[in-house]
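The values are calculated or read from the model by the stated rules, or taken from the named source; none is laboratory data. All figures in this text were calculated on a predicted structure; none of them were measured in a lab. In this analysis, Cβ positions are derived from the backbone assuming ideal geometry, glycine residues included, and neighbour counts consider all displayed protein chains.
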C-alpha cells in the first residue's frame with residue numbers, strides 16, 4: 001500500500017522549534033489540575049507541531065508552589081514514598097512534612113508522574129523550574145504569564 005503525502009508523520013526540525021517561557025502562579029490552584037496543565041505545556045501538546053517522541057515543549061516557571069491546594073482530606077492523608085533499594089528501605093514522608101521542607105518537590109513529583117516513563121521524561125523535566133516564593137531568577141527569558149484554573 002502506498003502512502004500519500006498527507007498520511008506521513010510530521011517530524012519537526014530541531015532548528016525550527018520555537019521554545020517559549022511561561023510563568024504560572026500556583027497560589028490557590030489545585031495540585032492535580034496545575035500539574036496536568038504544566039505537563040501538557042512541557043510536552044508541547046498545546047502546539048500544532050506536537051510529536052509524541054520528540055521534545056517540542058516550552059519551559060515553565062511555577063511560583064508560589066508552597067500555596068498549592070489539595071482537595072478533600074489529602075493534606076492529612078497524602079504520603080510520598082521512596083525506596084533505597086535495600087531490604088526494608090522504604091521511606092515515607094507525609095504531605096505536611098514535604099510542604100515544610102521541600103515545597104517545590106510536591107509539584108515536581110506530580111508533574112513527573114504525568115510524563116512518559118522514558119528518557120524523554122528526564123529531558124522534559126529539566127525544563128520545569130519550581131519556586132516556593134514569588135521570586136525567580138528567569139527574568140532575562142521574559143516569561144509570559146499564564147493563568148491556570
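Filtered by the rule that a residue be surrounded by 10 or more Cβ atoms within 10 Å (Cβ to Cβ) and part of a strand (DSSP E or B), segment 62-81 gives 62, 63, 69, 79, 80. Do we have residue 56 as modelled with pLDDT under 95, assigned to a loop (DSSP other than H, G, I, E, B) and closer than 14 Å to residue 21 by Cα here? So residue 56 passes the test.
The rows are residues; the columns are (1) over 19 Å from the mean Cα position of the chain (by Cα); (2) without any contact (Cβ under 8 Å) to a residue 40 or more places away in the chain; (3) surrounded by 12 or more Cβ atoms within 10 Å (Cβ to Cβ); (4) more than 20 Å from residue 37 (Cβ to Cβ).
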{"residue": "83", "(1), (2), (3), (4)": "yes, yes, no, yes"}
{"residue": "92", "(1), (2), (3), (4)": "yes, yes, no, yes"}
{"residue": "95", "(1), (2), (3), (4)": "no, yes, yes, yes"}
{"residue": "130", "(1), (2), (3), (4)": "no, no, yes, no"}
{"residue": "140", "(1), (2), (3), (4)": "yes, yes, no, yes"}
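Residues in segment 107-134 that are more than 21 Å from residue 20 (Cα to Cα), in contact with a strand residue (DSSP E or B) (Cβ under 8 Å, 6 or more places away or on another chain) and not in a helix (DSSP H, G or I): 1 in all. Only one of the numbered conditions (1) outside any strand (DSSP E or B); (2) under 23 Å from residue 136 (Cα atoms) is not met by residue 24, and that is (1).
In segment 90-99, what count of residues is obtained for those that are assigned to a helix (DSSP H, G or I) and in contact with a helix residue (DSSP H, G or I) (Cβ under 9 Å, 6 or more places away or on another chain)? Selection size over segment 90-99: 4.
For segment 31-52, the count of residues that are in a helix (DSSP H, G or I), without any contact (Cβ under 8 Å) to a residue 40 or more places away in the chain and more than 14 Å from the chain's Cα centre (by Cα) is zero. Only one of the listed residues (87, 1) is assigned to a loop (DSSP other than H, G, I, E, B) and either at pLDDT 95 or above or in contact with a helix residue (DSSP H, G or I) (Cβ under 7 Å, 6 or more places away or on another chain) (or both). That residue is 87.
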